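The values are calculated or read from the model by the stated rules, or taken from the named source; none is laboratory data. Treat the numbers as computed from the prediction; the structure is a model and nothing was measured. So basically every Cβ, Gly included, is an ideal-geometry build from the backbone, and we count neighbours across all protein chains shown. Side chains are part of the model used for accessible areas, which takes the heavy atoms of the whole protein and leaves out ligands, DNA and RNA. Shrake-Rupley method; radii C 1.70, N 1.55, O 1.52, S 1.80 Å.
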Amino acid sequence: MNSFIFEDSPRGRQLQAFNRLLDVMDDLREKCPWDRKQTIESLRHLTIEETYELSDAILKADMPEIKKELGDVMLHLVFYAKIASEQKAFDLADVLNAQCEKLIFRHPHIYGDTKADTEEEVKRNWEKLKLKEGNKSVLGGVPSSLPALVKAMRIQEKARGAGFDWDDKSQVWQKVQEELGEFEAEYNVADTSAVDQQKATAEFGDLLFSLINFARFAGINPEEALERTNLKFIGRFRFMETEAARDGMNLQDMTLAEMDDYWNRAKKQ
C-alpha cells in the first residue's frame, strides 16, 4: 500500500474531496443551528429516507441521481462519526480502521492462506468467521428492523451459508406449490364458508417465504422485482388517469370494463 500519494492522482483527488467534506462537516456542526441540534437518534429516520432514495436512483439506472444520493448518504455517515467524536466515543478513523480490520479478517483467502475459489466457499467462510466474532447464531447478523421481504431473503441466504438449503430449484418450486395448496385450502377459495384469518395469514406468510426462496434460486432479487412491478403499475395507472382526463372522463365514474380498455392501452406503451 502506497504511503505517498500524488495530489493530482485519482486517489489524491479522492482524499482531497473527502478531506473537504470533513472540513465542511466541521463548519456546519459549529455554525449551523440545525446541524448543531442533530443527534445520532434524530438523523436515523433521515438516513433511512436517503437510503431509499439511493435505491430508487439505482433501480432507474440514473447515474447523476446515484452520484447525488451517494453524497447524501456519505454525508450522513460522516455526520454520525462527527457526533460520536464529540461524545468521545469514537471518530471516523476508528470507524474506517475497524472496517478495514474486519474485511481483512473475513477475507483469509486474500490476506491469509485459506482457499476459496467460488462465491459459495467465500460465503461459508464468512459465516464461520462471524461465529468466531461472537455471533451466537448464523441468523444473528440479520437486522430485526429490516422490511419483512428483505429479511426473508437475508435469512435464507444466511441459512444457505450454513449449508441448510435445497439441492435444486425443482424442489423449491414443489414447495411453492405445496404452500399455495395449503393457503388455498385454509382460505376456502372454492366456497363461501368463514375464513380463519389468523391461519390464512400464517399460510400466506409461508407462501410468500417459499416464493422468495424460489426467487433466490432463480437469481432474482424479490425486493427489486416487486419494486419494478410497483413502478410499472404506477406508470400505467398514471397513463390511465391522463388519457381518461383527456377524453373528459374520471376513473371514479368509469366501469371496470372501461378502465380495462385504458389499462390495455397503457400496457402497449
Yes/no for Asp56 being open to solvent by 60 Å² or more (accessible area, probe 1.4 Å), more than 20 Å from Val95 (Cα to Cα) and modelled with pLDDT under 95: yes
Has region 248-267 got at least one residue that is assigned to a helix (DSSP H, G or I) and within 25 Å of Leu54 (Cβ to Cβ)? no
Has region 238-246 got at least one residue that is open to solvent by less than 50 Å² (accessible area, probe 1.4 Å), acidic (Asp, Glu) and either over 23 Å from Lys60 (Cα atoms) or assigned to a helix (DSSP H, G or I) (or both)? yes
By residue number, the members of region 122-151 that are in contact with a Ser or Thr (Cβ under 9 Å, 6 or more places away or on another chain) and either farther than 29 Å from Arg44 by Cα or touching a residue at least 60 places away in the same chain (Cβ under 8 Å) (or both) are Asn125
Applying the selection to region 187-232, what residues are open to solvent by 80 Å² or more (accessible area, probe 1.4 Å), within 16 Å of the chain's Cα centre (by Cα) and farther than 21 Å from Ala159 by Cβ? Leu226, Arg228
Please determine whether any residue of region 179-186 is open to solvent by 50 Å² or more (accessible area, probe 1.4 Å), closer than 26 Å to Ala61 by Cα and in a helix (DSSP H, G or I). no
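To keep it simple, each residue is scored yes or no on (1) closer than 26 Å to Ala225 by Cβ; (2) touching a helix residue (DSSP H, G or I) at 6+ places or on another chain (Cβ under 6 Å); (3) of a type in the set (S, T, N, Q).
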residue	(1), (2), (3)
Lys128	no, no, no
Glu133	no, no, no
Leu146	yes, no, no
Ala162	yes, yes, no
Asp165	yes, no, no
Gln174	yes, no, yes
Quick one: in region 59-77, which of the residues that are modelled with pLDDT under 95 and in a loop (DSSP other than H, G, I, E, B) is most open to solvent (accessible area, probe 1.4 Å)? Lys60
Determine whether Thr47 is among the polar types (S, T, N, Q), modelled with pLDDT of 95 or more and under 18 Å from the mean Cα position of the chain (by Cα). yes
Residue check, Leu75 more than 30 Å from Pro147 (Cβ to Cβ) and touching an Asp or Glu at 6+ places or on another chain (Cβ under 9 Å): no
